[in-house]
Amino acid sequence: MICLICTGVVERVCCEGSCEERDCPSCGRYRMANALVLTLMEQGQIFDVAKSREWLANKRLMEAMPCIEIEEALLVL
């Protein structure tokens, strides 16, 4: 399995709902909305790794498990 942010090798974590969860040694544990995953694949888009890791670190200050939603990713990441 690959990290949806840095494309490194990660462990996929089973989670309920409409999201993917990954545990990356470099990016940390996070969730990403399935709609965003599909959009990224369809458009061939990738994340800015450094900016994404910074965003995740900031979100972890407020919540234990950050989830990247499509609206946030298109505007912030």
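Scanning the range 19-28 for residues that are in a loop (DSSP other than H, G, I, E, B), loosely packed, with under 13 Cβ neighbours inside 10 Å and either of a type in the set (Phe, Trp, Tyr) or in contact with a Cys (Cβ under 8 Å, 6 or more places away or on another chain) (or both) turns up at least one hit. Just one of the listed residues (46, 2) is in contact with a helix residue (DSSP H, G or I) (Cβ under 8 Å, 6 or more places away or on another chain) and of a type in the set (Val, Ile, Thr), and it is 46.
For the range 37-58, taking the residues that are assigned to a helix (DSSP H, G or I), aliphatic (A, V, I, L, M) and over 9 Å from the mean Cα position of the chain (by Cα), the one that is nearest to residue 5 (Cα to Cα) is identified as 49. Within the range 29-47, the residues that satisfy the criterion of being open to solvent by 80 Å² or more (accessible area, probe 1.4 Å) and modelled with pLDDT under 90 are 38, 41, 42, 43, 45, 46. Cβ-Cβ contacts under 7 Å between residues 6 or more apart (or on different chains), taken from a first residue in the range 28-49 that is of a type in the set (D, E, K, R) to a second residue that is modelled with pLDDT under 85, are listed as 31/15; 48/77. Suppose the filter is among the aliphatic types (A, V, I, L, M) and in contact with a strand residue (DSSP E or B) (Cβ under 7 Å, 6 or more places away or on another chain); does residue 10 pass it? It is true that residue 10 is among the aliphatic types (A, V, I, L, M) and in contact with a strand residue (DSSP E or B) (Cβ under 7 Å, 6 or more places away or on another chain).
Within the range 34-53, track down each residue that is out of contact with any Leu (no Cβ under 8 Å at 6 or more places or on another chain) and closer than 15 Å to residue 13 by Cβ. Of everything in the range 34-53, just one residue is out of contact with any Leu (no Cβ under 8 Å at 6 or more places or on another chain) and closer than 15 Å to residue 13 by Cβ, namely 34. With respect to (1) charged (D, E, K, R); (2) in a helix (DSSP H, G or I); (3) open to solvent by 60 Å² or more (accessible area, probe 1.4 Å), the lone exception for residue 16 is condition (2). From the set of residues in the range 59-70 that are in a loop (DSSP other than H, G, I, E, B) and either in contact with a His (Cβ under 9 Å, 6 or more places away or on another chain) or aliphatic (A, V, I, L, M) (or both), which is least open to solvent (accessible area, probe 1.4 Å)? Filtering first and then ranking leaves 65.
The values are calculated or read from the model by the stated rules, or taken from the named source; none is laboratory data. What you see is a predicted model, and the numbers here were worked out from it, not measured in a lab. Please note: Cβ atoms are built from the backbone with ideal geometry, for glycine as well, and neighbour counts cover all protein chains shown. Surface areas here come from the heavy atoms of the whole protein model, side chains and all, with no ligands, DNA or RNA. Shrake-Rupley method; radii C 1.70, N 1.55, O 1.52, S 1.80 Å.
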